[in-house]
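The values are calculated or read from the model by the stated rules, or taken from the named source; none is laboratory data. Computed from a prediction, not measured in an experiment: that's the story for all the values here. Please note: Cβ atoms are built from the backbone with ideal geometry, for glycine as well, and neighbour counts cover all protein chains shown.
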């Protein structure tokens with residue numbers, strides 16, 4: 001199926017691994033020009049090389065999205081390399097502060113919200129004029145199952161992702177008349193470096209292998225995830241690519257769950 005992505009210019013944050021990298025691969029296959037950004041310059045360079053795209057189709061610019069000056073430099077370098085972008089996919093995020101509510105101080109809350117909520121605000125603000133001017137803009141933000149089904153050991157992350165859903169819905173109402181369609185994708189327990197780290201910590205705590213930690217996590221912590229496995233980044237990227245495409249021209253203000261049934265409600 002031709003998604004109608006050829007000729008688009010997309011900026012993908014969190015692009016050095018996981019969902020961001022897989023989204024870049026999918027959009028490149030569909031004919032888009034892609035700009036990747038992430039914080040670590042060496043990891044980002046290696047990730048771009050692994051994609052194997054032609055130099056004129058793929059660019060990689062490091063940026064710390066908690067620093068407004070970095071975002072302004074990202075905007076400048078992106079404009080110089082590819083001109084205006086018409087597609088923005090915000091995948092950058094962290095697990096952030098974990099523990100019960102009484103164990104997390106202001107610093108833990110602020111650092112998590114800075115990356116998981118304020119970063120998409122900053123990046124969207126920086127590139128909003130491009131997205132609006134194109135007349136066919138697409139903005140996809142990555143939320144989480146945690147936004148609607150919060151877990152009590154990672155409330156800062158849950159609150160940030162709930163904020164991301166509200167942000168996406170609000171933006172979808174503000175700019176649809178200018179051709180900018182805004183949607184969210186909410187994954188659950190995807191095979192990424194973030195969940196690898198979570199499962200390695202669990203394995204250490206329980207004295208088991210990572211695979212055993214995953215099985216016990218699914219049984220004890222995600223009982224509604226009926227597929228009984230972690231999802232793949234490619235499975236999330238396929239939904240993101242659809243939302244970036246001409247095939248999604250009547251989809252706006254929606255939240256697409258890619259969660260294997262993990263959320264226990266419609």
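Yes or no: region 138-150 includes at least one residue that is closer than 21 Å to residue 10 by Cβ, assigned to a helix (DSSP H, G or I) and either out of contact with any helix residue (DSSP H, G or I) (no Cβ under 7 Å at 6 or more places or on another chain) or modelled with pLDDT under 95 (or both). Let's see the steps before the verdict.
Taking region 138-150 first, the residues closer than 21 Å to residue 10 by Cβ are 138-143.
Now drop any that are not assigned to a helix (DSSP H, G or I), which leaves none.
Checking region 138-150: not a single residue is closer than 21 Å to residue 10 by Cβ, assigned to a helix (DSSP H, G or I) and either out of contact with any helix residue (DSSP H, G or I) (no Cβ under 7 Å at 6 or more places or on another chain) or modelled with pLDDT under 95 (or both).
Just one of the listed residues (234, 205, 226) is within 23 Å of residue 27 (Cβ to Cβ) and either in contact with a strand residue (DSSP E or B) (Cβ under 6 Å, 6 or more places away or on another chain) or surrounded by fewer than 22 Cβ atoms within 10 Å (Cβ to Cβ) (or both), namely 234. Meeting the requirement of 2 or more residues that are under 30 Å from residue 121 (Cα atoms), touching a residue at least 12 places away in the same chain (Cβ under 8 Å) and under 21 Å from the mean Cα position of the chain (by Cα), the helices (runs of 4 or more DSSP H) wholly within region 152-232 are 155-175, 193-206. Only a single item in (1) farther than 22 Å from residue 234 by Cα; (2) out of contact with any helix residue (DSSP H, G or I) (no Cβ under 7 Å at 6 or more places or on another chain); (3) touching a residue at least 40 places away in the same chain (Cβ under 8 Å); (4) not in a loop (DSSP other than H, G, I, E, B) is not met by residue 76, and it is number (3).
Can residue 131 be described as out of contact with any helix residue (DSSP H, G or I) (no Cβ under 6 Å at 6 or more places or on another chain) and more than 24 Å from residue 172 (Cβ to Cβ)?
Numbers: out of contact with any helix residue (DSSP H, G or I) (no Cβ under 6 Å at 6 or more places or on another chain): yes; more than 24 Å from residue 172 (Cβ to Cβ): no.
Here the answer is no, as residue 131 does not meet what is asked.
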